[in-house]
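**Student:** Sharing a structure below in structure tokens format, with a few things to ask.
Read-outs throughout are calculated quantities, based only on the coordinates presented, and are distinct from any laboratory measurement. Values in this document were obtained by computation on a predicted structure and should not be read as measured data. Cβ sites come from the backbone with ideal geometry, for glycine too, and all protein chains shown count toward neighbours.
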Amino acid sequence: MPAIINLSESVKSIAPSGTVEVSDKVRELKRKGFEVINFGGGDPDFDTPAHIREALEKAVKEGFTHYVESKGILELREAISEKLFKENGVSADPDNEIIVTPGAKHALFCTILTLVNPGDEVLIFNPSWVSYEPIVKMVRAIPIKISLKEENSFLIEKEIIEHKITSRSKIILINTPNNPTGRVYKERELQVIAEIAQKFNLFVISDEIYEKIIFDKNKNISIASLPGMKDLTITINGFSKAYAMTGWRLGYLAGPNKIVKEILKVHQHTATCAPSFVQKAGVAALKGPQDCVSKMSAEYEKRRNILLEGFSKIPGLSYIKPEGSFYIFANISLTKLSSIEFARLLLDQAQIAVTPGRSFGESFDSYIRISYTTKEEKIRDALNRMQIFISRILPQ
């Protein structure tokens, strides 16, 4: 008889990553010779800047390939501390308030695992990145979804948060610039969150991984910099998006010592440390020239503008103009298709990959996320393909 396998109920309850699933499908199709335009993933198409690659090569050649201090090499923690203070107005002691992690996702997982008990509630604004809810479920906490509305520009308001707070509430999880909407939270919105966090003694986890990709004179504001929020906030960030270092897996978290020292225990028992030589590259990224970052951001803004101009000519699509990140969250409700049906047909008939909106929240099944991490000529080609495709499927 086959063995009876009892798997974790918390793991069985979660779905695979929608964005990873799309990216894997695109890779499979390309291996088979199909020419697919990939609007599905979140991987910058730029090469990692040369000075960062050179720093890694130097570290490897010099034999810097062994274990390092679990919380990260001091040189990188000092660079992160300096960056946070100068750019974000956040004070973080490099000795005991910063941990370097193998990717920002690991920092997020360790933080949530440290802060919650089974049955605690984590407030998440939807639409939200695909991994927030699964991570909360994996640690047997409860994701409390706060749905934001397109007709209100996905604005955060006090009433919709307080209505969801209970005696089990523990964390408010925010992401700005936002994936998938591209919104940049304004100071008044962050003030509302800060006021509620202090009133109900809630922690805030602030995912700021897209902070460098920001448009139209918008400004990223770190909630940890607001009065009274330093001791209640864990700031999550990393190198993947700003420096085109997705495959390098390098991130970090910063927060009050009383929390960070507990998170460190989780980090020690799961990852030990981030790769030593990659951390040297992280130092070069933060302390080296930053013009590469501004050039990439400017190119994303140019691509966004091309897409928005093209979408304005395609019936059946509506959207909120992205203020940051490299995503457009487009409303496809006029097509009368679900996001999964739309994405499947678009891939089959037009060879364009997008991420179904349902991946970012069950109530967003009439949306798709479009990632403009591809070259201008492919974007223009995709716009032509999409115009033909949507003209065919729109109800007459």
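**Student:** Direction-averaged shadow area of the convex hull around the Cα atoms of the chain, nm²?
**Tutor:** So the mean shadow area of the Cα hull is 22.0 nm².
**Student:** In the chain, if the dipole is taken from +1 on Lys/Arg beta carbons and -1 on Asp/Glu beta carbons about the Cα centre, which of Ser222, Thr48, Asn384 is farthest to the positive end?
**Tutor:** Projecting each Cα onto the dipole axis, the largest value belongs to Asn384.
**Student:** List the lysines whose alpha-carbon lies under 25 Å from that of Lys32, not counting same-chain residues fewer than 8 positions away?
**Tutor:** Cross-link targets: Lys375, Lys378.
**Student:** Sticking with this structure for a sec: Indicate, rounded to the nearest 5 percent, the antiparallel portion of the DSSP beta bridges found entirely in segment 126-281.
**Tutor:** Percent antiparallel among DSSP bridges in segment 126-281 is about 30.
**Student:** Please compute the modelled spin-label separation between Ser10 and Ala50, points set 7 Å along Cα→Cβ, answer in nm with one decimal.
**Tutor:** Going from the Ala50 label point to the Ser10 one covers 4.8 nm.
**Student:** With everything on Cα atoms, drop me the angle between helix 74-83 and the longest principal axis of the chain, reported from 0 to 90° to the nearest 10.
**Tutor:** Helix 74-83 and the main axis of the chain meet at about 60 degrees.
**Student:** Cα axis of helix 276-287 to longest principal axis of the chain: angle in degrees, 0 to 90, nearest 10?
**Tutor:** 80 degrees
**Student:** What is the antiparallel percent of DSSP beta bridges lying wholly in the chain, to the nearest 5?
**Tutor:** 45 percent
**Student:** Determine, for Arg385, Arg77, the number of other Cβ atoms within 10 Å of each Cβ, and report the residues in order from fewest to most.
**Tutor:** Exposure proxy ranking, most exposed first: Arg385, Arg77.
**Student:** Ignoring everything except DSSP H segments at least 4 long, calculate the 222 nm mean residue ellipticity for the chain; use -39,500 (n - 2.57) per segment, divide by total residues, nearest 500.
**Tutor:** Counting only the DSSP helices, I get -12000 deg cm²/dmol.
**Student:** Still on this structure: As a quick test, which of the pairs Lys58/Lys212; Lys25/Lys186; Lys164/Lys241; Lys137/Lys287; Lys170/Lys287; Lys149/Lys212 have an alpha carbon distance above 30 angstrom in this structure?
**Tutor:** Lys25/Lys186; Lys164/Lys241; Lys137/Lys287; Lys170/Lys287
**Student:** Ranked from highest to lowest mean number of other Cβ atoms within 10 Å per residue, what is the order of the peptides 330-340, 289-299?
**Tutor:** Final packing ranking: 330-340, 289-299.
**Student:** What FRET efficiency do you get for Arg27 and Glu377 if R0 is 22 Å and r is their Cβ-Cβ distance, rounded to the nearest 0.05?
**Tutor:** Working: r = 21 Å, r/R0 = 0.95.
According to the calculation, E is roughly 0.55.
**Student:** Also, quick follow-up: Which of the GluC sites (Glu not before Pro) found in segment 175-224 are loop residues per DSSP with 11 or fewer other Cβ atoms within 10 Å of their Cβ?
**Tutor:** Those that pass, being in a loop and sparsely packed, number zero.
**Student:** Could you tell me how many degrees, from 0 to 90 and to the nearest 10, lie between the Cα long axis of helix 187-200 and the main elongation axis, the longest principal axis, of the Cα atoms of the chain?
**Tutor:** 50 degrees
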